[in-house]
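To keep things clear, I will list the structure first and then write my remarks on it.
The values are calculated or read from the model by the stated rules, or taken from the named source; none is laboratory data. Here the structure is a predicted model, which means the values were calculated and not measured. Counting neighbours? That spans all protein chains shown, and the Cβs are built from the backbone with ideal geometry, glycine included.
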2 protein chains.
Amino acid sequence: MDGVDYLADERSKAQFDVDELKIVWAGSRHAFEVSDRISRLVASDPAFRKDNRPMLGRKELFKNTLRKATYAWKRIIELCLNEEEASKLRFYVDEPAFTDLHWGMFVPAIKGQGTDEQQQKWLPLAYKMQIIGCYAQTELGHGSNVQGLETTATFDPQTDEFIIHSPTLTSSKWWPGGLGKISTHGVVYARLITDGQDHGVHGFIVQLRSLDDHSPLPGITVGDIGMKFGNGAYNTMDNGVLRFDHVRIPRNQMLMRVFQVTREGKVKQSNVPRQLVYGTMVFVRQTIVADASCAISRAVCIATRYSAIRRQFGSQNGGAETQVIDYKTQQNRLFPLLASAYAFRFVGEWLKWLYTDVTQRLQANDFSTLPEAHACTAGLKSLTTSATADAIEECRKLCGGHGYLCTSGLPELFAVYVPACTYEGDNIVLLLQVARFLMKTVSQLGSGKKPVGTTAYMGRAEHLLQCQSDVQRADDWLKPSAILEAFEARATRMSVACARNLSKFKNQEDGFLELQADLVEAAVAHCQLIVVSKFIEKLQQDIPGNGVKQVLGLLCNVYALHILHKHLGDFLSTGCITPKQGSLASELQRSLCSQVRPNAIALVDAFNYTDHYLGSVLGRSDGNVYPKLYEEAWKDPLNDTVVPDGYHEYIRPLLKQQLRTARL
Amino acid sequence: MDGVDYLADERSKAQFDVDELKIVWAGSRHAFEVSDRISRLVASDPAFRKDNRPMLGRKELFKNTLRKATYAWKRIIELCLNEEEASKLRFYVDEPAFTDLHWGMFVPAIKGQGTDEQQQKWLPLAYKMQIIGCYAQTELGHGSNVQGLETTATFDPQTDEFIIHSPTLTSSKWWPGGLGKISTHGVVYARLITDGQDHGVHGFIVQLRSLDDHSPLPGITVGDIGMKFGNGAYNTMDNGVLRFDHVRIPRNQMLMRVFQVTREGKVKQSNVPRQLVYGTMVFVRQTIVADASCAISRAVCIATRYSAIRRQFGSQNGGAETQVIDYKTQQNRLFPLLASAYAFRFVGEWLKWLYTDVTQRLQANDFSTLPEAHACTAGLKSLTTSATADAIEECRKLCGGHGYLCTSGLPELFAVYVPACTYEGDNIVLLLQVARFLMKTVSQLGSGKKPVGTTAYMGRAEHLLQCQSDVQRADDWLKPSAILEAFEARATRMSVACARNLSKFKNQEDGFLELQADLVEAAVAHCQLIVVSKFIEKLQQDIPGNGVKQVLGLLCNVYALHILHKHLGDFLSTGCITPKQGSLASELQRSLCSQVRPNAIALVDAFNYTDHYLGSVLGRSDGNVYPKLYEEAWKDPLNDTVVPDGYHEYIRPLLKQQLRTARL
Ligand SMILES: Cc1cc2nc3c(=O)[nH]c(=O)nc-3n(C[C@H](O)[C@H](O)[C@H](O)COP(=O)(O)OP(=O)(O)OC[C@H]3O[C@@H](n4cnc5c(N)ncnc54)[C@H](O)[C@@H]3O)c2cc1C
Ligand SMILES: Cc1cc2nc3c(=O)[nH]c(=O)nc-3n(C[C@H](O)[C@H](O)[C@H](O)COP(=O)(O)OP(=O)(O)OC[C@H]3O[C@@H](n4cnc5c(N)ncnc54)[C@H](O)[C@@H]3O)c2cc1C
């Protein structure tokens, strides 16, 4: 029945102030208010409806996205939304669109790599969307290895132009979002060639389509690369293919903040430090970590609410059956994911701070923390996106059969989320970068150069290499110091073991290739430590609200013990803990899950998601699942007619044994 | 270029006779020949084309499936295919359809639960497809808990009929495949009520639609439940919703092989043993394990071939870059999945034997092995389907960005496969059943009752509880006995530990609920042991062909060591192996992966999949990936026009700053 709250009982069980936790989740009261206001605005506007997405064919779907993205922009202008509000609005519209790349990659690329002049020329056009831009880096043949891109930008001193060209099939640009059908411009990455010499890969602003009639400019072949994973999902985006046939652009459209080509075709490095590029990467990857916490919390919210509604087995004397959320297996699968949502939220918040810190230092010409910050964001991007992708699918399975329906919202969430494991750096390639940084850190330990930031713990390597956990009772695992030491010891020992094995190779690079698998595991251990330690640090802050700090403390432990159990082999084989201590951890985890149980619904309510944003019948905030599932089913196009199209041609002849003569 | 084999070099590296391995994979020369012939038949018939699936809207997609399924049946008749060939043909058509449920569930249900008379009446109709049937068990409110179904079948002695009725919303049938739009009949499960008494859930043959015009019969509301995960994928199937409003069927349409209702409304048990039902479950789940080996091998075939084509980084002096299959991380993720494909194949083969064995015993009234066979198939269904679902997604990630395109084949393979983790028993619920059986086995250890079949090893519990692995060098892990003992010891110790903890509870059921998470892990350990030991047994058979046995031995080790590494925590915490022995295992695994490397392409060629069946541009057997990816892209509907539909309404006003007046 409409209007009834089937989860009211669950909500009343919560042992903390859910409104206060909403603010902690949002980051601040201000952020909460903006988020709350804009999400309701989007939810209440029928133009932003999205429940029909899975049923639309590609063309309809795409056209619909053009409408929504344009309408969103119109509303942004009409309501005079500021940047924060505008970006929240796009976020809650919750549909990948060309605007994501325009605002998220094109504009930042010009800001980060363009000269002041270039910024003055291009940014106002972009800010008003008089041009729409994409970020065209990846090619058919090269993604991870950016230095291997094949597109060329050859300087022609005669005309003061670059000639952009696609010399091979594999040099075709491939994947850029917004490119396929919409972008008028792109930041195109190409090998700079002057005077026959190859100066590596640089960015160029290239106009792709006419501003009059949208047709591709001469020499440009451009299109969509085709359907991607899932219904709706990323198919609202026109990831594109692009080929250049000797396309000429003026010299001043090379992004020249760092590297410059003069009128004569001489190349020179400006006095702006190259490392600035890393600052941009730190920025983009930090937003990906924040997105991970959104995606995982959405999935967890759906699975948690539905698990409280779903009952199966355990009815005694005709009473109600057991809510599946009361099964220990369900808790053991679900609650660590709930804890991960909070863990990723807080580490994302910290990364935002880190980005600000790095930026300020860069402005003061202090590059000392950059490598560490870069490794740390690369690693956290990898860790959180991989875990989130897995978590969404696990949440889907936690919903049993009904999770497989599009109306559960989980299939589309998964399909739209998974490429985060690949774009902005393949997750394994990123972990290998982290490992490289860790090996460098270890190699410098003797040198007196103190490891900084998230690797500071390695300064205590001597202790960490031989310490023994002093946990004696299950409750001892509640102490943050016990958790931290075990995680630090594990990470240190795994890194040091890799470094030792590396040193056995004559050629370091050979060793690095041979030991890749171990190196990746060491990198993971390091990144998990960061997540755990940032959660613990968060709890050391002042957190107002009745019971809020307590329940977050609970989740912090659940997260840490979950990782400990999952990677028990690491902890035991490095001798950081004993089997007995491992089983005490499991024992504690069981009791922590029971403590989470009464708070579970309130913990997902704290994300403050509207039903529109969640987009899930199973996750409805009022828990009114079954009537709505039933209602939704009838909307499928197949139900337009009682007898399906194809009955007369195929099924009837089959049943009537008249196939011999049927035209099939 | 067409006609060139880009993988020829790879193929020439193989150290074994790939044609002989094809026969091992197929199961026999006969099976290979049938499979090979039928798969080519399907591949060469344009009517079975499937590459356009992701682009079709629901209605078109569904109609297309009706055409294909009907056409397939027509070909089966025309070519006079026997049962084996017909089922292979349906398999290679590779599209979920109502026929799957007709042949896979409806017919077997009547065979298993119908009396001789009922079989004589209904089976001929079904065999000729003069009726089309589905299997209608699950309801909106109950899936796992079949005993909780709410649909009623009330006997009316006045008319000698049952009245089938849906008393609540949650009693609506929900999920049955083929029900939504096609089935004329269903085996419907309902609570049998006679004389006011509830006799639990039984099966009834119910006609659903008119054989004249396909309209639902009076009292029946039926439709499709809507879109499911993925493009194409399971959306070719009409999973349905069904409600009964006092629908009358004759008494003789209750399936009465085991349980009967007389003319007077008296119920009685026939002399046919109830346990027969389990025989059917063993059968169905055994086919699911076989399907798992198909799905995982398909994904692995795609990822392996593409990994040999894809090059990224590592170019020296302008030479070719490194094939990504040469990276150790890639091998470490991919080769254990390749090994799993073979492991699941062989355990599936063994399960087929087990089913025959159980059936023969049942016929001889020997029920002794049934519980063990039942637990074992339940566990293996769970293990192989979960591992396969994860493996497909991992293979997709192994293909980098391009794996996310539908043309890679992997998104659809994942979406269509994952429900196997849920249907025919939720994987966690199944593992809990296995655990229950294991606890019973442990509790009887003292009683002199010898554990049989796959639990026979527990007869040596005393030894296994205290033995220590004698591995001293990495190569010692090559000995099957070393592997087996470690796996047996781990499984025994985990089960026994659970049993001990259980015994601390006053009420066993409370204990069982509280310890669910540990019990599931013990069940997994037991099932993994079965897979490993059946692989080892397979290798003890005579396997002809140059190098075939050797390469399979390699894969057996890779599989076992992969599980050992993944669950290292289990092995260490139960003291089955030492940390040192664990790291020797990793060392050996590294060298085994190098040995797999030259054989990798041939190992996936041995699956003998046509390009049609694989359905993947990345997995093409000739390795001609890039030109075909490029070619396929242009087929997307969005590329029908250069300027996209929606440009004039939305994008142009946006660019021209004319949104204020635009109608959006
Ligand atoms: C949805 C989506 C949107 C995208 N949007 C854009 C965009 O807007 N603009 C743009 O320019 N690009 C975009 N991309 C492209 C994306 O950035 C690349 O796909 C990504 O960088 C991965 O590169 P790849 O595809 O070449 O993977 P590959 O490098 O080919 O990876 C294949 C496999 O090789 C492994 N591998 C590669 N190198 C190594 C190594 N050195 N050691 C060990 N293993 C290795 C990987 O781990 C992986 O398993 C997008 C991609 C997707 C999927
Ligand atoms: C594609 C597809 C096709 C199908 N085809 C058919 C068909 O043809 N005919 C038909 O009749 N049905 C069909 N089904 C239904 C299917 O059999 C059920 O979905 C399946 O049995 C799972 O039941 P459920 O959905 O009720 O899951 P639930 O039992 O609701 O599971 C929800 C969660 O609760 C957990 N859980 C449940 N019980 C316990 C317990 N005792 N202890 C611990 N945890 C528990 C599960 O692990 C899961 O995480 C189909 C389903 C799908 C997805």
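I need the full set of residues from the range B:227-266 which are polar (S, T, N, Q), crowded, with 22+ Cβ neighbours inside 10 Å, away from ligand 1 (no atom under 16 Å from the Cβ) and in a loop (DSSP other than H, G, I, E, B), in order please.
Answer for the range B:227-266, where residues must be polar (S, T, N, Q), crowded, with 22+ Cβ neighbours inside 10 Å, away from ligand 1 (no atom under 16 Å from the Cβ) and in a loop (DSSP other than H, G, I, E, B): just B:ASN239.
Within the range A:203-226, how many residues are within 9 Å of chain B (Cβ to nearest Cβ) and outside any loop (DSSP other than H, G, I, E, B)?
Of the residues in that region, 5 qualify.
I'd like to know if the range B:431-442 contains one or more residues that are facing chain A (nearest Cβ under 9 Å) and outside any helix (DSSP H, G or I).
No, the range B:431-442 contains no residue that is facing chain A (nearest Cβ under 9 Å) and outside any helix (DSSP H, G or I).
Select from the range A:87-103 the residues that are farther than 12 Å from A:LYS68 by Cα and within 14 Å of chain B (Cβ to nearest Cβ) and write down the one among them that is nearest to ligand 1 (Cβ to nearest atom).
Checked the range A:87-103; the qualifying residue nearest to ligand 1 (Cβ to nearest atom) is A:HIS102.
Do we have B:PHE48 as over 29 Å from B:TYR626 (Cα atoms) and either surrounded by 17 or more Cβ atoms within 10 Å (Cβ to Cβ) or not assigned by TED's automatic domain parsing to the domain that holds B:GLU349 (or both) here?
The answer is no for B:PHE48.
Considering only the range A:420-427, I want to know if a residue exists there that is modelled with pLDDT of 95 or more, out of contact with any Asp or Glu (no Cβ under 9 Å at 6 or more places or on another chain) and assigned to a helix (DSSP H, G or I).
The answer is yes; a qualifying residue exists.
In the range A:636-648, which residues are within 7 Å of chain B (Cβ to nearest Cβ), free of Cβ contacts under 8 Å to residues at least 60 places away in the same chain and not small (Gly, Ala, Ser)?
If the condition is that a residue be within 7 Å of chain B (Cβ to nearest Cβ), free of Cβ contacts under 8 Å to residues at least 60 places away in the same chain and not small (Gly, Ala, Ser), then A:LEU638, A:ASN639, A:VAL642, A:VAL643, A:PRO644, A:ASP645, A:TYR647 are the ones that fit.
Does the range B:612-627 hold any residues that are crowded, with 18+ Cβ neighbours inside 10 Å and not in a loop (DSSP other than H, G, I, E, B), and which are they?
B:HIS612, B:TYR613, B:LEU614, B:VAL625, B:TYR626
Among the residues of the range B:418-427, is any surrounded by 24 or more Cβ atoms within 10 Å (Cβ to Cβ) and within 16 Å of ligand 1 (Cβ to nearest atom)?
Looking for residues that are surrounded by 24 or more Cβ atoms within 10 Å (Cβ to Cβ) and within 16 Å of ligand 1 (Cβ to nearest atom), one finds none in the range B:418-427, hence no.
Would you check which residues across the range B:136-154 are within 14 Å of B:LEU192 (Cβ to Cβ) and within 12 Å of chain A (Cβ to nearest Cβ) and list them?
Result: B:VAL146, B:GLN147, B:LEU149, B:GLU150.
Considering only the range A:633-663, state which residues are part of a loop (DSSP other than H, G, I, E, B) and closer than 18 Å to B:LYS181 by Cβ.
A:TRP634, A:LYS635, A:ASP636, A:THR641, A:VAL642, A:VAL643, A:PRO644, A:ASP645, A:GLY646, A:LYS656
Looking only at residues in the range A:166-206 that are among the polar types (S, T, N, Q) and over 23 Å from A:LYS63 (Cα atoms), which one is surrounded by the fewest Cβ atoms within 10 Å (Cβ to Cβ)?
A:GLN197
If I filter the range B:70-103 down to residues being part of a helix (DSSP H, G or I) and among the polar types (S, T, N, Q), which single residue comes out as nearest to B:PHE32 (Cα to Cα)?
Result: B:SER87.
Of everything in the range A:146-165, what is in a loop (DSSP other than H, G, I, E, B), surrounded by fewer than 20 Cβ atoms within 10 Å (Cβ to Cβ) and of a type outside the set (Asp, Glu)? Give them in sequence order.
If the condition is that a residue be in a loop (DSSP other than H, G, I, E, B), surrounded by fewer than 20 Cβ atoms within 10 Å (Cβ to Cβ) and of a type outside the set (Asp, Glu), then A:PRO157, A:GLN158, A:THR159 are the ones that fit.
Step by step: first the residues of the range A:168-197, then only those that are more than 13 Å from ligand 1 (Cβ to nearest atom) and facing chain B (nearest Cβ under 10 Å), then the one that is nearest to A:ALA420 (Cα to Cα). Which residue is that?
Applying the filter and picking the extreme gives A:LYS181.
Yes or no, residue by residue, for (1) on the phi > 0 side of the Ramachandran plot; (2) modelled with pLDDT under 95; (3) not in a loop (DSSP other than H, G, I, E, B):
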| position | (1), (2), (3) |
| --- | --- |
| B:LEU362 | no, yes, yes |
| B:ASP366 | no, yes, no |
| B:GLU372 | no, yes, yes |
| B:ALA378 | no, no, yes |
| B:SER382 | no, no, yes |
| B:ALA387 | no, no, yes |
| B:ALA391 | no, no, yes |
| B:LYS397 | no, no, yes |
| B:HIS402 | no, no, yes |
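Could you say whether any residue in the range B:472-488 is under 18 Å from B:LEU438 (Cα atoms), modelled with pLDDT of 95 or more and part of a loop (DSSP other than H, G, I, E, B)?
No, the range B:472-488 contains no residue that is under 18 Å from B:LEU438 (Cα atoms), modelled with pLDDT of 95 or more and part of a loop (DSSP other than H, G, I, E, B).
I'd like the full set of residues that are surrounded by 23 or more Cβ atoms within 10 Å (Cβ to Cβ) and more than 17 Å from A:ALA341 (Cα to Cα), limited to the range A:583-603.
Passing the criteria: A:ALA585, A:GLN589.
Restricting to the range A:104-135, what's the tally of residues that are within 14 Å of another protein chain (Cβ to nearest Cβ) and part of a loop (DSSP other than H, G, I, E, B)?
5
Being outside any helix (DSSP H, G or I) and touching a residue at least 12 places away in the same chain (Cβ under 8 Å) is the filter; apply it to the range B:501-544 and report the residue that is nearest to B:HIS562 (Cα to Cα).
That would be B:ILE543.
For (1) more than 16 Å from ligand 2 (Cβ to nearest atom); (2) surrounded by fewer than 18 Cβ atoms within 10 Å (Cβ to Cβ); (3) closer than 22 Å to B:THR329 by Cβ, each residue gets a yes or a no:
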residue: A:SER503; (1), (2), (3): yes, yes, yes
residue: A:HIS526; (1), (2), (3): yes, no, yes
residue: A:SER533; (1), (2), (3): yes, no, no
residue: A:GLN541; (1), (2), (3): yes, yes, no
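Tell me which residues, restricted to the range B:321-345, are closer than 16 Å to B:VAL604 by Cα, more than 9 Å from ligand 1 (Cβ to nearest atom) and either more than 27 Å from the chain's Cα centre (by Cα) or not aliphatic (A, V, I, L, M) (or both).
The answer is B:GLN331, B:PHE335, B:PRO336, B:SER340, B:TYR342, B:PHE344, B:ARG345.
For the range B:15-58, how many residues meet the condition of being assigned to a helix (DSSP H, G or I) and away from chain A (no Cβ under 14 Å)?
Number of matching residues: 24.
Among the residues that make up the range A:285-308, is at least one of them of a type in the set (S, T, N, Q), surrounded by fewer than 24 Cβ atoms within 10 Å (Cβ to Cβ) and within 16 Å of ligand 1 (Cβ to nearest atom)?
Looking for residues that are of a type in the set (S, T, N, Q), surrounded by fewer than 24 Cβ atoms within 10 Å (Cβ to Cβ) and within 16 Å of ligand 1 (Cβ to nearest atom), one finds at least one in the range A:285-308, hence yes.
Considering A:ASP94, A:ASP100, A:ASP156, which residue is closer than 23 Å to A:ARG248 by Cα, among the acidic types (Asp, Glu) and away from ligand 2 (no atom under 16 Å from the Cβ)?
Answer to the selection: A:ASP156.
Search the range B:227-250 for residues that are more than 8 Å from chain A (Cβ to nearest Cβ) and over 19 Å from B:LEU66 (Cα atoms) and pair each with any residue that is within 11 Å of ligand 2 (Cβ to nearest atom) and part of a strand (DSSP E or B) when their beta-carbon atoms are under 7 Å apart and the residues are at least 6 apart or on different chains.
B:LEU242/B:ALA136; B:LEU242/B:LYS173
Answer yes or no: is there a residue in the range A:408-421 that is within 11 Å of chain B (Cβ to nearest Cβ), within 16 Å of ligand 2 (Cβ to nearest atom), over 21 Å from the mean Cα position of the chain (by Cα) and touching a residue at least 12 places away in the same chain (Cβ under 8 Å).
no
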